[in-house]
Amino acid sequence: MVQPDPAFAADNQAWRVQRYQELTRPDGWTSLVGLHWLSLKAHYIGSGADSGIRLAVGPAKMGLVSRRRSNAGPALAPDSHRGGAGLARTASPGGGLRVAPQADGGAHRRQSSGDATLASSDGDEVWFTPEPGVALTVDGRPLVGRIRFHSDRDPQPTTIGFDDGKGLLTLIRRGDRHALRLKHADAPSRTGFTGLDYWPLDESWRIKARFVPNAAGKTLPIVDIVGITTEMANAGAVEFERDGHAWRLQAIGEPGQELFVIFADRTSGHGSYPAGRYIDLPAPDANGEVTIDFNRAYNPPCAFTPFATCPLPPPENRLDLRVDAGEKNYRKPH
């Protein structure tokens, strides 16, 4: 096999190192230890056996999570990713920004987000009342008394800390449902992480593609792994050639911005993660060209944890092509 250009190899190696570091940081995707959907108007939570929602870690009695109807109507709010319906922006391993759906798209980067998205309120407010005497923080400050519990669809999501900051409790919203997301730095999935495996670098998988814009305002229905459908901003498609055939992938994102692609191919379940992979793309240039580097195709968070809500490839993005480049399926510890 021809050895890749040294600069190309070094750039991709730096991307891989950054990817690994983000997955395994104390609050990265591998730190997830729980996902608990709120089905009642109020839940007592904690690690004790008598808790309505029993957490895997943390104080035996942490507090009360309650919901109530609000008079608030639909609102525009930054959601923790990029611009566009159901999207958010995050920094990406190769530099720049990446676009990923709210349902845990952007697998590795979703932790450090700061983007705007279209967030419509269904009228529910969520509140948290701590158990008296329990040592908790909210956004790094001591938590005393009842607080509004903001979700990842709000401009400033709430983070409740415990175990001296090792544990983090946040609220996510998917469709009209809310869930508690629990992370801990000592999660077995983090401390026992087995590392990432890739196909050998191959410059032939770094392909110049043509961006084909869609009509303004077009969206694409994306179903996530828990069965919730979200309409994502769908600026256009990218067309490329491989093995003498033309291929097309629909891209998530707003016109003129970075793009995000969720795809499956002939390696899905046969070397790569069965539910597909993600890839981040730069914004198309002035000539409508964009480079797809399949060497940077990566697994969604669901490859590493059962507590994520990853978006799945739409039917349009299921390729009858073997993309033997990028990240292989994760080998979990036995």
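Residues that are in contact with a Ser or Thr (Cβ under 8 Å, 6 or more places away or on another chain), in a strand (DSSP E or B) and of a type in the set (A, V, I, L, M) do occur in region 224-237. Scanning region 155-187 for residues that are among the hydrophobic types (A, V, I, L, M, F, W, C) and either over 20 Å from LYS61 (Cβ atoms) or open to solvent by less than 10 Å² (accessible area, probe 1.4 Å) (or both) yields ILE160, PHE162, LEU169, LEU171, ILE172, ALA179, LEU180, LEU182, ALA185, ALA187.
Conditions tested, residue by residue: (1) closer than 18 Å to HIS43 by Cα; (2) modelled with pLDDT of 95 or more.
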{"residue": "HIS150", "(1), (2)": "yes, yes"}
{"residue": "LEU171", "(1), (2)": "yes, yes"}
{"residue": "ARG174", "(1), (2)": "no, no"}
{"residue": "ASP186", "(1), (2)": "no, yes"}
{"residue": "TYR198", "(1), (2)": "no, yes"}
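Looking for something modelled with pLDDT of 95 or more and on the phi > 0 side of the Ramachandran plot - is there at least one such residue anywhere in region 12-30? Within region 12-30, none of the residues are modelled with pLDDT of 95 or more and on the phi > 0 side of the Ramachandran plot. Please count how many residues of region 24-67 are assigned to a loop (DSSP other than H, G, I, E, B), open to solvent by less than 60 Å² (accessible area, probe 1.4 Å) and not hydrophobic (A, V, I, L, M, F, W, C). Of the residues in that region, 7 qualify. Look at region 204-219: where a residue is under 17 Å from LEU281 (Cα atoms) and open to solvent by 90 Å² or more (accessible area, probe 1.4 Å) and a partner is of a type in the set (Ser, Thr, Tyr) and assigned to a strand (DSSP E or B), sitting 6+ places away or on another chain with Cβ atoms under 8 Å, you get ARG206/THR291; LYS208/THR291. The residues listed here are THR170, THR158; of these, the one that is in a strand (DSSP E or B) and among the hydroxyl-bearing types (Ser, Thr, Tyr) is THR170. Being among the acidic types (Asp, Glu), surrounded by fewer than 23 Cβ atoms within 10 Å (Cβ to Cβ) and in contact (Cβ under 8 Å) with a residue 40 or more places away in the chain holds for only one residue in ASP293, ASP285, and it is ASP293.
With respect to the conditions (1) touching a Pro at 6+ places or on another chain (Cβ under 9 Å); (2) crowded, with 22+ Cβ neighbours inside 10 Å; (3) in a loop (DSSP other than H, G, I, E, B), PRO313 lacks only one, and its number is (1).
GLN21 falls short on exactly one of the conditions (1) part of a helix (DSSP H, G or I); (2) over 16 Å from the mean Cα position of the chain (by Cα); (3) free of Cβ contacts under 8 Å to residues at least 24 places away in the same chain, and that condition is (2).
Within region 239-259, the set of residues being open to solvent by less than 60 Å² (accessible area, probe 1.4 Å), part of a strand (DSSP E or B) and over 21 Å from TRP199 (Cβ atoms) comprises GLU239, GLN250, ALA251, ILE252, GLY253, LEU259.
Pairing residues of region 237-251 that are over 16 Å from PRO213 (Cβ atoms) and modelled with pLDDT of 95 or more with residues that are open to solvent by 20 Å² or more (accessible area, probe 1.4 Å) and of a type in the set (Asp, Glu), at Cβ distances under 8 Å and at least 6 apart in sequence or on separate chains, gives ALA246/GLU239; TRP247/GLU239; TRP247/GLU241.
Please give the number of the condition TYR298 fails out of (1) open to solvent by 10 Å² or more (accessible area, probe 1.4 Å); (2) within 28 Å of LEU180 (Cα to Cα). Going through (1) open to solvent by 10 Å² or more (accessible area, probe 1.4 Å); (2) within 28 Å of LEU180 (Cα to Cα) one by one, TYR298 breaks only (1).
Considering only region 193-248, state which residues are in contact with a helix residue (DSSP H, G or I) (Cβ under 9 Å, 6 or more places away or on another chain), closer than 29 Å to ARG331 by Cβ and small (Gly, Ala, Ser). Residue satisfying the conditions is GLY195 alone.
Before we move on, is ALA264 surrounded by fewer than 22 Cβ atoms within 10 Å (Cβ to Cβ) and in contact (Cβ under 8 Å) with a residue 24 or more places away in the chain?
yes
The values are calculated or read from the model by the stated rules, or taken from the named source; none is laboratory data. Just so it is clear, the structure is predicted and the values come from calculations on it, not from any experiment. Note that each Cβ is placed from the backbone with ideal geometry, even for glycine, and that neighbours are counted across all protein chains shown. These area figures cover heavy atoms from the full protein model, side chains too; ligands, DNA and RNA do not enter into them. Shrake-Rupley method; radii C 1.70, N 1.55, O 1.52, S 1.80 Å.
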